[in-house]
1. Once the other residues with Cβ under 14 Å from the Cβ of Gly219 are scored (Lys, Arg +1; Asp, Glu -1), what is the net sum?
2. Express as a percent, rounded to the nearest 5, the fraction of DSSP beta bridges in region 106-251 (both residues included) that run antiparallel.
3. Quick one: length gained pulling Asp82 to His175 fully straight, 0.36 nm per residue minus the C-alpha distance?
4. If you wrap a convex hull around the alpha carbons of region 200-258, what volume per residue comes out, as a whole number of Å³?
5. Can you give the translational diffusion coefficient of region 121-249 in µm²/s, computed by Stokes-Einstein from the Kirkwood radius over Cα pairs at 4 °C and 1.567 mPa s?
Amino acid sequence: MRRKPLAREATDAYQVRSERLKDLPENIRPRELLERVGVENLDDAALLAVLLGTGTRGLNVLDLAQRLLRHYGNLTALSRADLHDLRSAPELRGLGRVKAMLLKAALDLPRRVALENREQRPSVRTPEDAARLMRERVRSLPRECFWVIPLDARNRLQAEPVEISRGILDASLVHPREVFQSAIIAGSKGIVLAHNHPSGDPTPSAEDIRITRQLVQAGRILDIHVLDHVIIGQRSETRPTDFLSLRETGLVDFAGGG
């Protein structure tokens with residue numbers, strides 16, 4: 001059975017011995033540990049330490065990485081921090097412009113890799129398909145954003161998802177005119193609606209349901225079928241998936257428009 005976990009060797013050693021990084025044995029320094037056990041076996045603090053390279057005033061790089069995680073709570077929250085927050089947090093003792101930019105760039109790479117590796121025109125036939133398409137786009141957004149996914153007659157992605165609004169969802173921000181404009185231009189036969197809940201809980205609000213019903217009815221008039229409305233959140237101990245399908249809940253009649 002694999003040791004539990006190799007990833008924590010460097011951070012545990014530092015916490016126990018409180019030594020400068022250069023005074024730690026080479027085999028438990030973050031870069032050496034990565035070479036020895038592989039990047040997939042590093043914990044978050046050690047991985048951040050490899051990325052940062054060096055510490056800052058009064059903090060070695062492991063200490064700095066641990067403070068980043070304690071300050072923001074997890075990597076998702078860290079990815080949402082803007083450059084000003086990263087540079088100005090007093091707990092980080094002046095992270096600095098270059099390190100802040102390096103973190104922002106590195107934490108955006110997974111989103112770009114996911115987008116790059118998508119099929120050219122993937123099918124969106126299930127809520128999971130829609131969630132997979134949108135997950136990396138909305139993962140680190142600090143506010144609710146509403147998107148339209150335009151599809152052809154075979155439920156294949158016809159154009160890139162279109163962001164319609166930012167902010168708490170209400171009818172003034174999500175108007176049928178804007179929602180269906182891109183679908184009409186693309187000649188779409190159907191659309192899937194999607195938005196994120198930054199709180200992590202994808203449970204729909206009353207306004208989410210009301211807006212969806214309004215858009216389903218508008219789609220019937222325009223002969224553009226609204227197939228589903230998928231809300232992206234986060235997994236938790238009580239939620240095995242990070243999304244919710246309004247179609248699957250039965251709260252909206254996507255066939256009848258009510």
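1. Values: positive: Arg177, Lys189, Arg213, Arg220, Arg247; negative: Glu178, Asp223, Asp228, Asp253.
Residues near Gly219 contribute +1 overall.
2. Just about 70 percent of them are antiparallel.
3. Values: separation 93, 0.36 × 93 = 33.48 nm, distance 2.97 nm.
Gain in length upon complete extension: 30.5 nm.
4. Details: hull volume 4.2 nm³, N = 59.
So the per-residue hull volume is 71 Å³.
5. On the way: Rh = 14.4 Å.
D = 90 µm²/s.
Read-outs: derived from the displayed coordinates by stated rules, not from any lab. This structure is a prediction, so every number in the text was calculated from the model and none was measured. Here Cβ is always computed from backbone atoms with ideal geometry, including for glycine, and neighbour counts include all displayed protein chains.
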